[in-house]
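Written below as structure tokens is the structure these notes are about.
No lab work stands behind these numbers, since they all come straight from the coordinates. Predicted model, so just to flag it, every value in this text is computed and none were measured. Cβ: placed from backbone, ideal geometry, glycine included. Neighbour counts: every protein chain shown.
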Amino acid sequence: MTSSPSPALTARLAALTAQQRALLRAKVLRARPQERLTPGQRRLWETHYAIGGQPADVVCQAVHLTGATADLDLLAERVEGFVRDHEALRTTFQETDGEVRPVVHETLPPWLTRAHCATAQEAQALARELAHEPFDLASGPLLRVVLATGPVVQEAWLLVVVHNLVFDAWSFDMLLDALARDARAPAPATTPFSRWARDQAAWVADDDGRAAAEYWTAEVDAPPPPLPTDRPRSGTTARNGNRVEFSLPPGVNVGIAALAKREAASVYAGWLAVAWAALEGFGGRADTLLGTFTAGRDRPGAETVVGYLLNVLPVRLRDPADGSWTARVRAAGTISRAGLRHAAYPGELIDVPRRVPGTHPLFDAVFVFDNLGETTRTIQGAAVSTADVDKGTARYDLTLAVYPRADGVTGWLEYDTELYEETTARRLAELFTTAAEEASREGCR
């Protein structure tokens, strides 16, 4: 039962100006706990149960510390402090009468254990094993950390496994920053995930959100058919996967960057044009629809949020004009810039009929591009290197990842083994590397 506000309070509220009422409303919204899942979390929740809890949407990282003796007790304290600072890592998910709600706990210690790893292979195998252990989303914790000694005292491992419902790649970098921070330095500001979630919902409902919805609906209207597979799609795949790795010399990225610059496009657009050409050769159609990741951190304060903010949006590449690399890069640059203006819109809300059976209505292929390089960090004087551990799963039917670095280009093609044979995946990877070399030669002319 609720009571009516007192006459005095009613009078005070009525006396507020429009600006004062808006400020009061914003304060009330910020104080209210997150009531439901974000669209991205909803998709992850549904996928988790659709594939029987397989680790498809799980961050699995092996952090190697070398050159100094790490104090593992202190690292454990830092990890526990990071959890206390960020409500997402103290969150579980409760389903009642078909409605799923996040539950933020005042305390929810991470799962921490110790081990010994003599080699990188042992460390990654242990991380993979930990990722395959089912997550209890209702009880938690959803963060698992192994602190492992290495073969010598100046070598150690930090294995991080966490469900994407509460964590993304940006969050992982924030964790490493927290572990590397000087104890004398002030702790950075943090923003609760629940506040970001409310801000996202408010943005979706306002004029900018409605304009973004119209843009994305038009972009995916009358989509092309999915890419061909070796076996029929049924919609019940367990998302078991494998990866085909590839590499290219440094000059390839230099040439593609030069080509993109000539067309006033980003390096991302140059590599996107390469992916477009490869998928066109693979699927036989110029009209290509694939997904791409955005950080979801364009609003003020979002850079200090731990949680799942990652957004997956469509890229529709349709007209390669004369098919030249110049035309492809120009088209990729134009569509990338247009989409960037609406990148805050949750991809899960794009209003289209289901195109692909399975766990995502739009995408059978996703393009991942990361040219930032590995940040130089030290933790307790030890050099830090990280490895994204292959969990043996496939988040999508096909995922093409490219990492241009100063010493060369590396990448991998992840594929669903229930849909594709390894020979097919290798053929697509070869189409991509061949296209990259051709585009680079064009850029170097």
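Using 20 Å as the cut-off for backbone N distance, which residues of segment 400-427 belong to the label zone defined by a point 7 Å from the Cα of ASP230 along Cα→Cβ?
400-401, 412-427
Using Cα-Cα distances under 8 Å and only pairs 6 or more residues apart, what relative contact order does segment 39-180 have, in percent? Working shown, then result.
Values: 233 pairs, mean separation 49.1, N = 142.
Computed value for segment 39-180: 35 percent relative contact order.
How compact is the chain by the rule of thumb for globular proteins, expressed as Cα Rg over 2.2 N^0.38 Å?
This ratio for the chain stands at 1.05.
Please give me the summed charge of the neighbours of THR92: other residues whose Cβ is under 13 Å from its Cβ, Lys and Arg +1, Asp and Glu -1. Mind dumping the intermediate values first?
Working: positive: ARG90, ARG101; negative: GLU87, GLU95, GLU106, ASP136.
Local net charge: -2.
Treating only the Cβ atoms of Lys and Arg (+1) and Asp and Glu (-1) as charged, compute the dipole magnitude of the chain about its Cα centre; round to the nearest 20 debye. Display every interim value, and only then the final one.
Values: 46 positive and 56 negative charges, 266 e Å.
Computed charge dipole of the chain: roughly 1280 debye.
Which residue, TRP276, SER266, THR393, has the largest displacement toward the positive end of the dipole of the chain when charges sit on each Cβ (Lys, Arg +1; Asp, Glu -1)?
The residue sitting most towards the positive pole is SER266.
In nm, to one decimal, how far is the SER385 label point from the ASP177 one, both placed 7 Å along Cα→Cβ?
In this crude label model, SER385 to ASP177 measures out at 2.5 nm.
Projecting each Cα onto the charge dipole of the chain (Lys/Arg +1, Asp/Glu -1 at the beta carbon, about the Cα centre), which of ALA344, PRO250, SER171 comes out farthest on the positive side?
Value: ALA344.
Work out the length of the dipole vector of segment 39-180 about its Cα centre, built from +1 on the beta-carbon of each Lys and Arg and -1 on the beta-carbon of each Asp and Glu, and round it to the nearest 20 debye. If you can, show how the numbers build up before the last one.
On the way: 9 positive and 20 negative charges, 32 e Å.
Around 160 debye, computed over segment 39-180.
Would you grab the residues whose amide H sits under 5 Å from the one on GLY241? Only those 5+ places off in sequence or on another chain, please, with H modelled 1.01 Å from N.
THR393, ALA394, THR417
Tell me, what HN-Hα J-couplings in whole Hz come from the Karplus equation 6.51 cos²θ - 1.76 cosθ + 1.60 at θ = phi - 60° for each residue of segment 236-242, using x for Gly and Pro?
Those phi angles translate into 10, 4, 7, 6, 6, x, 8 Hz.
Across the chain, where is the longest run that never hits GluC sites (Glu not before Pro) in a DSSP loop with at most 15 other C-beta atoms within 10 Å?
Working: sites that count: GLU35, GLU106, GLU374, GLU421.
Within the chain, the longest run free of exposed GluC sites (Glu not before Pro) spans 107-373.
Tell me which of THR91, ALA76, TYR49 sits at the most positive position along the dipole axis of segment 39-180, charges placed on C-beta atoms (Lys, Arg +1; Asp, Glu -1).
TYR49
Does segment 39-180 classify as rounded, prolate or oblate by the C-alpha gyration tensor (a ≥ b ≥ c root eigenvalues; a/c under 1.5 gives rounded; else a/b over b/c gives prolate, otherwise oblate)? Mind showing how you got there, number by number?
Values: a/c = 2.50, a/b = 1.71, b/c = 1.46.
Because a/c hits 1.5 or more and a/b exceeds b/c, segment 39-180 counts as prolate.
So who's got an amide H within less than 5 Å of the one on TYR308, skipping anything under 5 residues away but keeping other chains? H placed 1.01 Å off N, in plane.
PHE167
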